[in-house]
Amino acid sequence: MNPDSPPSTVATRSLLRERAARKEAETLLEQKSLELYENFQHLRQLNTHLEDSELRYRTLVELAPDAIWIHSGGVITFVNPAAVRLFGAATAEELIGTNALDRFPPAFHTVVEEWSGLDLQKVHEKQRSTLQLLRVDNNLVDVEFFASDIRFNNEDSVMNVAHDITERLLHEKAIKHQATHDQLTGLPNRSLFLDRLTHAIRRAERRKEKLAVVFVDLDKFKQINDTLGHAVGDELLRTVAGTLKKCVRDFDTVARLGGDEFVLLLDSPLGDTTPGMIAERIGARLAQPLQLAGQDHIITGSMGLSLYPNDGAQAEVLLRQADIAMYRAKEGGRNRFQFFTPEMQHRLDARVTLEQGLMRALQRDEFVLHYQPQVDIRRGKVIGMEALLRWESPDLGLVPPLEFIPVAEESNLIIAIGNWVLDKVCATMRKWLDTGVPVVPVAINVAASQFSNSDLEKQVREVLTRYHLHPHLIELELTESLSMDNPEGTIDLMYRLKDIGVAMSIDDFGTGYSNLSYLKRFPVDKLKIDKSFTSGLTRDPEDRSIVTAVIRLAHSLGLKAIAEGVETEGQLQLLAREGCDELQGYFFSKPLPEAQAAKFLSDGVSMGLAVLPDAIP
């Protein structure tokens with residue numbers, strides 16, 4: 001302070017400084033107050049956002065379709081509505097406050113604990129667990145589960161999430177069932193059967209026990225299916241499935257392979273007589289009358305059995321051996337069972353060799369035709385020939401028709417072979433005509449499968465056109481059973497062939513299914529008496545009665561009767577007296593190779609009149 005300044009000046013200055021300090025303090029206070037206010041507003045805004053966020057999160061959790069529940073310290077503190085429904089609780093309060101681990105069966109506690117300590121952001125890195133939850137009614141529910149650590153209500157907590165997969169598992173189970181079971185009968189299919197058989201073989205091997213496979217094929221199921229319809233056929237298959245299940249033990253397996261084929265696994269322990277006893281039981285049960293479409297039907301089955309370890313140690317092998325034995329049972333007359341034997345395998349191998357040889361025979365042109373003359377009994381003149389197929393195999397030698405024709409029919413090679421015969425006959429007749437041979441009509445055998453071929457009419461027309469032959473030079477010999485599969489279609493085709501000018505006859509008449517109601521509608525020209533009746537004509541009264549009846553039936557229908565297999569004069573005399581029109585057999589001529597047949601026709605050979613009966617009706 002200046003000593004020379006007056007006191008008032010000093011006081012004024014002091015007051016000014018005080019006022020300036022106060023002003024500065026007020027200004028600073030206002031700034032701090034504003035900052036505090038702004039901070040407060042910011043905190044308030046953040047709090048509002050947080051509350052909004054928590055509200056949205058809670059709403060999201062509440063509306064989530066998956067079950068979500070939170071527990072703190074092992075006690076449930078929150079559940080969403082989906083969790084209430086999943087656990088089968090009436091309200092959320094029924095679950096809140098309970099032990100969280102009690103919601104899991106003890107078997108899954110370890111799995112659940114593996115999720116503890118996992119941050120929410122890392123949940124996606126771990127595969128969801130499939131486990132079961134315990135509902136309040138103590139029933140179990142299958143779920144897909146995960147959990148993570150969170151903060152909830154200012155506490156360290158665990159959020160659990162579960163998705164009900166009951167429907168998915170049921171769907172997967174249904175798909176698996178469809179993949180391993182037959183949809184019609186509900187029985188195991190081939191895949192599941194082989195799997196069970198494989199496991200049964202391993203078990204039997206360890207225990208030194210036996211087991212058996214039974215292959216069952218219904219006899220004449222196709223006839224039921226075709227005559228009564230597929231719905232009735234399906235009903236029959238379901239009934240048979242139930243019958244088979246009743247014939248075996250609880251631990252045995254009954255499966256359907258497809259069509260009318262069933263297969264049974266008779267598991268160990270298995271006594272030596274058990275397979276045969278069960279097969280007999282099945283045969284007896286199947287043979288009981290069954291109501292189908294309002295009528296009683298007898299359904300029988302042919303069965304083949306294979307045994308482990310005697311017949312094989314692999315599932316496929318045992319199944320194949322049982323299948324082979326089943327076919328042997330069918331060949332033996334159906335409605336029976338056969339155990340597999342090595343001889344059956346040899347027969348099958350020979351059959352396979354024969355079938356392969358037939359295919360090569362077509363390619364290598366190993367087939368030849370022989371021609372057997374047919375004679376008019378009254379005049380003794382040759383009025384026709386039958387073309388008979390022969391197979392001259394370089395590997396098997398001369399194979400008899402009775403050996404290879406059935407194989408050709410079952411393998412469908414008969415159609416290709418039949419087409420070859422038709423073409424070969426027409427080509428030969430064209431050659432004979434061109435060289436001046438006095439030709440006669442030639443009869444060609446047509447198998448049922450070949451006749452049912454829709455192209456037969458077209459093939460006949462084409463081959464006649466190709467070789468410029470008159471239709472009357474061809475005669476088709478048909479089996480009497482061909483009408484059974486599609487009688488109306490058969491009759492229609494026969495009339496179309498008749499319109500072409502082709503003659504037709506019924507071959508081996510009396511040996512098949514003689515449906516006289518259809519026979520009278522067939523536009524055929526002849527009935528051919530089978531040689532099995534002709535051979536016993538002179539010594540068996542029943543054969544003579546059958547032959548007489550066939551001749552009279554033919555004449556009553558305006559047809560001719562021709563007897564095959566005539567080998568003796570006695571047979572000829574009886575046939576002539578009964579009024580038979582024509583004959584064919586070794587008594588007159590054996591089947592002749594092509595060149596000899598041409599010479600035979602050129603020479604005009606006839607049956608000597610000395611052998612003809614004195615009086616022919």
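The values are calculated or read from the model by the stated rules, or taken from the named source; none is laboratory data. The shown structure was predicted, so the numbers you read here are calculated from the model rather than taken from an experiment. Reconstructed Cβ throughout: ideal geometry from the backbone, glycine too, with neighbour counts over all protein chains shown. Ligands, DNA and RNA are stripped out before the accessible areas are found, and what is left, the full protein with its side chains, is counted by its heavy atoms. Shrake-Rupley method; radii C 1.70, N 1.55, O 1.52, S 1.80 Å.
Below is a table of values for the structure above.
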read-out	value
Residue selected from segment 559-601 under the condition within 19 Å of ALA549 (Cβ to Cβ) and in a strand (DSSP E or B), by the criterion most open to solvent (accessible area, probe 1.4 Å)	LYS560
Test: residue in segment 458-470 that is open to solvent by less than 40 Å² (accessible area, probe 1.4 Å), farther than 26 Å from ARG360 by Cα, touching a residue at least 24 places away in the same chain (Cβ under 8 Å) and of a type outside the set (Val, Ile, Thr)	yes
Pairs, first assigned to a helix (DSSP H, G or I) in segment 360-374, second open to solvent by 40 Å² or more (accessible area, probe 1.4 Å), C-beta under 7 Å, six or more apart	LEU362/ALA416; LEU362/TRP420
Residues (at positive phi and not charged (D, E, K, R)) located in segment 487-509	GLY501
Qualifying residue in segment 263-275 (condition: under 17 Å from LEU305 (Cα atoms), touching a residue at least 60 places away in the same chain (Cβ under 8 Å) and part of a helix (DSSP H, G or I))	yes
In segment 169-194, the residues that are open to solvent by 60 Å² or more (accessible area, probe 1.4 Å) and of a type in the set (Gly, Ala, Ser)	ALA179, SER191
Conditions (1) assigned to a helix (DSSP H, G or I); (2) touching a Ser or Thr at 6+ places or on another chain (Cβ under 6 Å); number of the one not met by ILE175	(2)
Subset of segment 368-391 [closer than 20 Å to GLU578 by Cβ and aliphatic (A, V, I, L, M)]	VAL375, ILE377, ILE383
Boolean, ASP52 is modelled with pLDDT under 60, out of contact with any helix residue (DSSP H, G or I) (no Cβ under 9 Å at 6 or more places or on another chain) and loosely packed, with under 10 Cβ neighbours inside 10 Å	no
Matching residues, segment 232-283, being among the hydrophobic types (A, V, I, L, M, F, W, C) and within 21 Å of VAL317 (Cα to Cα)	VAL254, ALA255, LEU257, PHE262, VAL263, LEU264, LEU265, LEU266, LEU270, ALA279
Pick from segment 276-330, criterion of a type in the set (D, E, K, R) and assigned to a helix (DSSP H, G or I), ranking: nearest to ASP234 (Cα to Cα)	ARG285
Scan of segment 390-408 for residues that are open to solvent by less than 20 Å² (accessible area, probe 1.4 Å) and either assigned to a strand (DSSP E or B) or in contact with a Gly (Cβ under 6 Å, 6 or more places away or on another chain) (or both), ordered by number	TRP391, SER393, VAL399
Subset of segment 103-124 (residues that are closer than 14 Å to LEU140 by Cβ, of a type outside the set (A, V, I, L, M) and open to solvent by less than 90 Å² (accessible area, probe 1.4 Å))	ARG103, PHE104, PRO105, PHE108
Subset of segment 284-309 that is open to solvent by less than 20 Å² (accessible area, probe 1.4 Å) and of a type outside the set (Ser, Thr, Tyr) - its residue that is nearest to ALA212 (Cα to Cα)	LEU305
Test result for VAL136, surrounded by fewer than 16 Cβ atoms within 10 Å (Cβ to Cβ), farther than 30 Å from LEU192 by Cβ, in contact with a Gly (Cβ under 9 Å, 6 or more places away or on another chain) and not basic (Lys, Arg)	yes
Condition broken by LEU86, with the remaining ones in (1) in a helix (DSSP H, G or I); (2) without any contact (Cβ under 8 Å) to a residue 40 or more places away in the chain; (3) out of contact with any helix residue (DSSP H, G or I) (no Cβ under 8 Å at 6 or more places or on another chain); (4) open to solvent by less than 70 Å² (accessible area, probe 1.4 Å) satisfied	(2)
Residues located in segment 263-277, provided they are of a type in the set (Val, Ile, Thr) and either at pLDDT below 85 or surrounded by fewer than 19 Cβ atoms within 10 Å (Cβ to Cβ) (or both)	THR273, THR274
Any hit, segment 331-350, residues being part of a helix (DSSP H, G or I), farther than 19 Å from THR185 by Cβ, among the small types (Gly, Ala, Ser) and open to solvent by less than 40 Å² (accessible area, probe 1.4 Å)	no
Total residues in segment 248-262, condition of a type in the set (Asp, Glu), assigned to a loop (DSSP other than H, G, I, E, B) and within 18 Å of the chain's Cα centre (by Cα)	1
Out of THR239, THR227, sole residue that is β-branched (Val, Ile, Thr), more than 24 Å from LEU192 (Cβ to Cβ) and open to solvent by 30 Å² or more (accessible area, probe 1.4 Å)	THR227
Residue pairs meeting the criteria (Cβ under 7 Å; at least 6 apart or on separate chains; first under 16 Å from VAL240 (Cα atoms), in segment 165-194; second loosely packed, with under 12 Cβ neighbours inside 10 Å and among the hydroxyl-bearing types (Ser, Thr, Tyr))	none
